């Protein structure tokens, strides 16, 4: 933010010192991430900074690790990435659907015990992860889905749904319910009203919640 031309010198010094400190902290936190980027182009068997890489020799760099990740059949890292993306995809779909429906229900004025239901829905975010993780594991093991893709997807849906509930509920806070009543009075069915009236208005909240659910997964 720009300072006013009549700002006192001491406030100017503090302002720029504050910006310098924030920038230094940001660089300190982000810089280690940039070290990984050149390492990912290492041509050797083990990922490390070789003398050839430090000398910037072309033969020291390769795309082999990216090729193994995408096309490698025996590479555990590539398999892990593909499994993670697949689980995150289906978990995001499930969490988005359940979270949106729950938020729509909570936005209704006829919904009883809203505070209690909201507390239960967002409890996976509040409860320590070790507790919720243990509870989910024992439940999944009880129904025979432990160490299976459906079981992992179900667990990730539970963890991702609260993010969708919160973002969609926040979007619905300023939603004008008279729009839906007007659509109903004009003969629109509930399904048609949802897809053509409600969904376009709450879509930003749904997308935000879906992104949070995907990152969480």
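The values are calculated or read from the model by the stated rules, or taken from the named source; none is laboratory data. Small disclaimer: the values here were computed from a predicted structure and weren't measured. When we count neighbours, we look across all protein chains shown, and the Cβ atoms used for this are built from the backbone with ideal geometry, even at glycine.
Among the residues in the stretch 133-153, are any over 25 Å from residue 90 (Cβ atoms), assigned by TED's automatic domain parsing to the domain that holds residue 92 and touching a helix residue (DSSP H, G or I) at 6+ places or on another chain (Cβ under 8 Å)?
No; the residues of the stretch 133-153 include none that is over 25 Å from residue 90 (Cβ atoms), assigned by TED's automatic domain parsing to the domain that holds residue 92 and touching a helix residue (DSSP H, G or I) at 6+ places or on another chain (Cβ under 8 Å).
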For the stretch 196-217, how many residues meet the condition of being free of Cβ contacts under 8 Å to residues at least 24 places away in the same chain and closer than 13 Å to residue 104 by Cα?
2
Tell me, which helices (runs of 4 or more DSSP H) wholly within the stretch 48-153 include 3 or more residues that are at pLDDT 80 or above?
76-107, 114-121, 123-126, 129-142
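Among the residues in the stretch 182-199, are any closer than 20 Å to residue 120 by Cα and either surrounded by 13 or more Cβ atoms within 10 Å (Cβ to Cβ) or at pLDDT 85 or above (or both)?
No, every residue in the stretch 182-199 fails to be closer than 20 Å to residue 120 by Cα and either surrounded by 13 or more Cβ atoms within 10 Å (Cβ to Cβ) or at pLDDT 85 or above (or both).
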